[in-house]
1. What 222 nm value per residue comes from the helices of the chain, counting each DSSP H run with n ≥ 4 as -39,500 (n - 2.57) and dividing by all residues, nearest 500 deg cm²/dmol?
2. Taking only Cα atoms, what is the 0 to 90° angle, nearest 10, from helix 36-46's long axis to the longest principal axis of the chain?
3. How would you rank 47-56, 112-121, 7-16, highest first, on the average number of other Cβ atoms within 10 Å across their residues?
4. Rounded to the nearest 10 degrees, what's the angle between the helix 103-113 long axis and the longest principal axis of the chain, both from Cα atoms, 0 to 90?
5. Jot down the radius of gyration and Dmax of the chain, Cα atoms only, both in angstrom.
6. Measure nothing but the geometry: give the 0 to 90° angle between the long axis through the Cα atoms of 56-66 and the longest principal axis through the Cα atoms of the chain, rounded to 10°.
7. Suppose the chain between residue 37 and residue 102 were pulled fully straight at 0.36 nm per residue; how much longer would it get relative to their current alpha carbon spacing?
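Each value in this text was obtained by applying a stated rule to the coordinates, not by laboratory testing. Because the structure is a prediction, the values reported are computed rather than measured. So basically every Cβ, Gly included, is an ideal-geometry build from the backbone, and we count neighbours across all protein chains shown.
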């Protein structure tokens, strides 16, 4: 697996959003198309905005922690029919729990937990060189 982080969220001339993930050296980028609400959910913690009440991803983070779990890693695992897949790996009481997730939800959780996002090595063929 390769460690990535959120670089930015961009929109194209049609108003479609993508989250740009970059590797540690910022030499490779992996764009993932997301919806407007998903873009907002990722951008809020990056921009340092603290909503007055917990949003869904804040609630998920709190619930995992309140139940004695610790998020171990976020992994973008696959691409099938132009759809990316992700997993949230949680450690609780010595066991590993793997949750299937949309990449946008997993990324929104990763930015709230200040943790890297891992990309399965087979997905590197879909990355672009940053120039």
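1. -7500 deg cm²/dmol
2. Relative to the chain, helix 36-46 is tipped by roughly 70 degrees.
3. Top of the packing list down: 112-121, 7-16, 47-56.
4. 60 degrees
5. Gyration radius and largest Cα-Cα distance of the chain: 14.6, 48 Å.
6. The two axes meet at around 40 degrees.
7. Numbers: separation 65, 0.36 × 65 = 23.40 nm, distance 1.32 nm.
Value of the extension gain: 22.1 nm.
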